[in-house]
Amino acid sequence: MRTLFLAAALLSGTAASAQLRPDQAAFRGLYKELIETNTTVSAGSCTLAAERMATRLKAAGFADADIKLFNGPKDRPQDGGLVATLAGKDAKAKAILLLAHIDVVEAKRADWERDPFTLIEEGGWFYGRGTSDDKAQAAILTDTLIRLKAAGKPLKRTLKLALTCGEESPAVFNGAEWLVKEHKDWIDAEFALNEGGIGVSDDKGNPLKLAFQAGEKVYQDFRLEARNPGGHSSQPRPDNAIYQLTAGLNRLAATEFPVQYDASRAYFTAMASQVAGEVGAAMRALLANPADAAANAIVSRDPNWHSMLRTTCVATRLDAGHANNALAQRASANINCRMFPGDSLEKVRGQIIAAVADPGLMLITDAEVSPTPPPPPLTPAIYDPAVALAKKHFPGVPLLPTMVTGATDGRFLSAGGIPTYGVPGMVADKTLNNVHGLNERISVTNLYTTRDYLFDLINAYAAK
């Protein structure tokens, strides 16, 4: 049955491919090669994927000197990437950096309906690990440089392409961070275009809203810990480490971090005019007064809006005790925070300590500390071309500035002095296209439309 299923899917994909323009067929081949190159941290190789993209760039006319291939650290040479340069006519004009990560989240074949490392086109969707996050954008940006090189007409600005590894596993090795610290001259630019501008689609992949990401939260883990002498479980004592920890966690759970705005102010201003009734009125009230508790309660019913409005910190893991018949000597919880752009580590740490309200609980900064840059400025020079071209490629679909509630490699670039934006075009349904989950997918039509949109947008930026 599975063999028949896959055969039907492949035949469907072949039929769909026959309808493509020649340039779309070339793009599909590049995209397929990226998807079918395993780049998971456990068994894949970003270095191999980068080498394959370099081969395509060289076939398009890029000289060896225009392409820098690099490996990961000595213990992980497979975590490499590339930087390619397409020189512009104006040596005084600062470059534009195009960034995409080529590593992907793990995918077990036994769990998926289809082979996660085979590009399968079925029912108007491309299926496979990385089809949406982030090999779609990596393929589009690589393809854009190939098309511009083939056109033979240099743009005013230099374009730089960085394909990096480790966005999904930054604690192992992160290529974007490494480039900023070790070879910023390779990627230095006036600004960068990155993933993150993910809009909203219906269940068929049709865009309902587009998003221009100008700000992102920062990921940071803390460990909240209670310690105790412990003892025999037959003689409980009032100062129980587990109870002390859970009491602090309950106080943290009841704490609402204050409302803040950055690019999200423009988003909520636009949404307030589109959402009717009580919710729209609450949005307008909260814009006027971020301390309006009643308005906050209404708007924050939506989990996405709740997260866009503030720093969030939530317990995600628990660890306690050493034996079933003993009182715990240690109890700890991982507190995962998504810090609002510009919030410092010290500020958020202080807010957690105030929330748990127990000096006997220790709060330890866990794992590597992420940079906390302020959001990049959303200027007319950046935003207006995106809006104008969205009207051409996505007629009738609104484009809204937004903040990403997760985190991308843009945080390393922005902290390194390269303002980084998540460009529009890509959209996701209510499942977020199953990104990081089973049967990840992306709308075929949306992928090709986004490709055309970003090609025009990059041309518009590079022509100025």
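The values are calculated or read from the model by the stated rules, or taken from the named source; none is laboratory data. These numbers come from a predicted model, not from an experiment. We place every Cβ from the backbone using ideal geometry, glycine too, and count neighbours over all the protein chains shown. We work out accessible area using only protein heavy atoms, side chains counted, and drop any ligands, DNA or RNA first. Shrake-Rupley method; radii C 1.70, N 1.55, O 1.52, S 1.80 Å.
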Within region 199-211, considering residues that are hydrophobic (A, V, I, L, M, F, W, C) and surrounded by 24 or more Cβ atoms within 10 Å (Cβ to Cβ), the one nearest to Thr449 (Cα to Cα): Leu210
Checking Ala390 against (1) more than 30 Å from Asn240 (Cβ to Cβ); (2) not in a helix (DSSP H, G or I), which single condition isn't satisfied? (2)
Residue count, region 100-138, condition closer than 12 Å to Glu195 by Cβ and not basic (Lys, Arg), comes to 10
Answer yes or no: is there a residue in region 339-352 that is open to solvent by 50 Å² or more (accessible area, probe 1.4 Å), outside any loop (DSSP other than H, G, I, E, B) and out of contact with any Phe, Trp or Tyr (no Cβ under 9 Å at 6 or more places or on another chain). yes
Within region 139-173, which residues are farther than 22 Å from Phe455 by Cα and surrounded by 24 or more Cβ atoms within 10 Å (Cβ to Cβ)? Cys165, Gly166, Glu167
Could you list, in sequence order, all residues of region 97-150 that are within 23 Å of Ala171 (Cβ to Cβ), in a loop (DSSP other than H, G, I, E, B) and of a type in the set (Lys, Arg)? Lys108, Arg129
Residue hits (region 212-228; at pLDDT below 95 and either surrounded by fewer than 14 Cβ atoms within 10 Å (Cβ to Cβ) or of a type in the set (Gly, Ala, Ser) (or both)) are Ala214, Gly215
Which residue pairs have Cβ atoms closer than 9 Å, lie 6 or more positions apart in sequence or on different chains, and pair a first residue in region 55-68 that is touching a residue at least 24 places away in the same chain (Cβ under 8 Å) and under 8 Å from Ala84 (Cα atoms) with a second residue that is buried (at least 18 other Cβ atoms within 10 Å of the Cβ) and of a type in the set (Val, Ile, Thr)? Lys68/Val83; Lys68/Thr85
Of the residues Lys32, Lys74, Lys92, which single one is at pLDDT below 95 and of a type in the set (Lys, Arg)? Lys92
I want to confirm something. Restricting to region 358-387 and keeping residues that are part of a loop (DSSP other than H, G, I, E, B) and without any contact (Cβ under 8 Å) to a residue 24 or more places away in the chain, which single residue is nearest to Ala320 (Cα to Cα)? Pro359
State all residues of region 353-382 that are among the small types (Gly, Ala, Ser), over 22 Å from the mean Cα position of the chain (by Cα) and either over 26 Å from Arg265 (Cβ atoms) or surrounded by fewer than 15 Cβ atoms within 10 Å (Cβ to Cβ) (or both); if no residue qualifies, say none. Ala354, Ala357, Gly360, Ala381
